[in-house]
Amino acid sequence: MKKNGMRTLVFLLLSVVFSAGQAMAGKVYVTVKNLTNGLYFTPLLITAHDYETRLFELGSPASFALQNMAEGGNITLLTEMVGGEDRDTIVNPAGGLLGPGEILDNVELNPGKTNDYLSLTAMLLPTNDGFVGADSLPIPNRPGIYSYFLYGYDAGTEANDELITGGGAPGAPGIPAAPGGDGGTGGTGVSSYDTNTTVHIHRGTIGDLDPSGGISDLDSSIHRWLNPVAELIIEVRGRER
């Protein structure tokens, strides 16, 4: 065979292999592990989306939709922002709260052709406006299992007073609840204002050991936490392209 013919054959063979590798097929499965000792994740929102979509952005002011989630666990507006629940967006896959040490296993996503990024949000309880999040994480193209550690973020919309008041509406001060039934009362408040009003890494809970007084309604032996707060595992099956 002539040299030019050989080059053409090699090119064609490589094109076939490359094209086969580029074809999108299969699914993406998401697992979320709560790594904390005493925090609960409110109903999760997990979504695959395009490059331009952002549920939140570090260093930027929180949207009203994000504030709703971070202060009261309400993911309705964020869900509407990504087009509602569908093959790309899973709403409340745990069927409620995801407790300390619990695992949400193998949630199936079917990303569309342009939805190459994954985001996740859920409020952290008990906090004032803390949330666990993944911001526009690129979904791997090659089949495999990929693990990421997720931080707790502060929405910057409410002072971290650490007082359990039943509040949860945007702008209402206080923590909605301590789901484990291990919150205190009578705290004077850790902070009346926070200087950082943008989305930032959460400082964690301070708490105290006085169940009926002190500066906080949170128990430092239970609710105190440091980052990361979650592990995200993405399993890609046959999505190579």
Looking at region 67-87, which of its residues are within 28 Å of Val236 (Cα to Cα) and out of contact with any strand residue (DSSP E or B) (no Cβ under 6 Å at 6 or more places or on another chain)? Thr76, Glu80, Met81, Gly83, Gly84, Asp86, Arg87
Residue set Pro170, Pro111; condition of a type outside the set (Gly, Ala, Ser), under 22 Å from Tyr40 (Cα atoms), modelled with pLDDT under 95 and under 21 Å from the mean Cα position of the chain (by Cα); output residue Pro170
Show the residue pairs that are 6+ apart or on different chains and have beta-carbon atoms under 8 Å apart, the first residue being within region 177-191 and in contact (Cβ under 8 Å) with a residue 24 or more places away in the chain and closer than 15 Å to Ser221 by Cβ, the second being among the aromatic types (Phe, Trp, Tyr) and crowded, with 20+ Cβ neighbours inside 10 Å. Gly180/Tyr40
Based on what the data block shows, is Gly38 modelled with pLDDT of 95 or more, in contact with a Pro (Cβ under 8 Å, 6 or more places away or on another chain) and assigned to a loop (DSSP other than H, G, I, E, B)? yes
Could you tell me which residue of region 191-241 is farthest from the chain's Cα centre (by Cα), considering only residues that are more than 18 Å from Pro173 (Cα to Cα), among the hydroxyl-bearing types (Ser, Thr, Tyr) and exposed (fewer than 14 other Cβ atoms within 10 Å of the Cβ)? Ser212
Would you point out which residue out of Ser221, Ser147, Ser136 is without any contact (Cβ under 8 Å) to a residue 60 or more places away in the chain and among the polar types (S, T, N, Q)? Ser221
Within region 57-73, count every residue that is in contact (Cβ under 8 Å) with a residue 24 or more places away in the chain, surrounded by 14 or more Cβ atoms within 10 Å (Cβ to Cβ) and of a type in the set (S, T, N, Q). 2
When you check Asn106 against the structure, is it at pLDDT below 95 and part of a strand (DSSP E or B), yes or no? yes
Give, as residue ranges, the strands (runs of 3 or more DSSP E) completely inside region 122-241 that count at least 1 residues that are basic (Lys, Arg) and within 30 Å of Tyr51 (Cα to Cα). 230-237
Which condition does Gly101 not pass, out of (1) assigned to a helix (DSSP H, G or I); (2) at positive phi, if it passes all the others? (1)
Residues being at pLDDT below 95 and acidic (Asp, Glu) - total across region 193-236: 1
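The values are calculated or read from the model by the stated rules, or taken from the named source; none is laboratory data. Model, not experiment: these values are computed from the prediction. Every residue, glycine among them, receives a Cβ derived from its backbone with ideal geometry; neighbour counts consider all protein chains shown.
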